[in-house]
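One structure is given below, encoded as structure tokens.
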Amino acid sequence: MRLIVLGCSGSGPGPESPASGYLIEAGATRLVLDLGNGTLGALQRHTDPWSLDAVAFSHLHPDHCSDFASLVVYRRYHPRPPYDPTAAPLPVHAPAGAHARFARAYAPSEQEVAATDLTDVFTFADLAAGAPFTVGTGPDAVTVTAYPVRHPCPAFALRVEHGGSVLTYSGDTAACDGLVEAARDADLFLCEASWPHDDTNPAGVHLSGREAGEHAAAAGARRLVVTHVPAWYDGADLASEAGDAFDGPVALAFPGAAFAV
């Protein structure tokens, strides 16, 4: 597998990065994890959006899903080949309620929300804790398993497996046992770190750099990539915090970065 960072700015786009979005490549399989502000444009620098096999959303906060409305336009109205109006709808795996949430974002007015249907170009499947699903076909297929994590809205860490390799993406989460289980023995743990470690940080929302490292260590992950750093913090500082708690390799995500898994 290969992980390509489309955007990694926490809580919204920053001056140097779109918000959260990641492309996973496994042979011919293409899977996007989250699609925050600005990530659809970045995606097109790396692959044709028509090549995607699925999109999976860790949760439905705007900085992780707001570019979905633009993907609706792309899938529905693209005027050139390889556009094909008979193409199969793109699978979308997300927390329950995603279709209604995305329809509301795409609808031209509040009065037209109820009549807005996106199933001409997408199929929607609810994430279910511990229930794996497959993306792609044949030897290039990947298996994805969702683990509930701690955040103000329903949220999941996503464990992606292919050919014996494991990549775990934390999504947004505070400290919790579910994140450790999701990252158990992961070859690459892509983990949010949204603020420096401080007892005054709000509970139940995000991880500090140190907590990201602690979760990587507890899970026995082999490598940690720190992501989701807001524009007002220094990512190098949070990666350094993580490294103080985790004795494996630690890297900092940046737009366009590619990591072999």
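Since every read-out is calculated from the coordinates, none of them should be taken as a lab result. Just so it is clear, the structure is predicted and the values come from calculations on it, not from any experiment. Counting neighbours? That spans all protein chains shown, and the Cβs are built from the backbone with ideal geometry, glycine included.
Structure values in brief
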quantity	calculated
Rule-of-thumb Rg ratio for the range 145-261 [Cα; 2.2 N^0.38 Å; N residues]	0.95
Label-point separation, Ala28 to Asp126 (7 Å along Cα→Cβ), nm	3.4
Residue order, fewest to most surrounding Cβ atoms within 10 angstrom, among Trp195, Trp50, Trp232	Trp232, Trp50, Trp195
Furthest towards positive pole of dipole, Ala236, Ser165, Leu71, structure part the range 2-260, Cβ charges	Leu71
Rounded if a/c under 1.5, otherwise prolate or oblate - the range 33-124, Cα gyration tensor axes	oblate
Long-range amide H partners of Ala221 with built H, under 5 Å	Asp185, Ala186
Solution diffusion estimate, µm²/s, Stokes-Einstein, the range 82-228, Kirkwood Rh from C-alpha pairs, 20 °C, viscosity 1.002 mPa s	126
Ranked list, fewest to most other Cβ atoms within 10 Å of each Cβ, for Thr168, Thr145, Thr119	Thr119, Thr145, Thr168
Size of charge dipole - the chain - debye, nearest 20, with Cβ of Lys, Arg +1 and Asp, Glu -1, no other charges	660
Relative contact order (%) - the range 2-260, alpha-carbon pairs under 8 angstrom, separation at least six	17
Per-residue Cβ neighbour rank within 10 angstrom, fewest leading, Asp34, Asp199, Asp237, Asp117	Asp199, Asp117, Asp237, Asp34
Sparse-neighbourhood loop sites, trypsin sites (Lys or Arg not before Pro) in the range 1-50 - DSSP loop, at most 14 other Cβ within 10 angstrom	Arg45
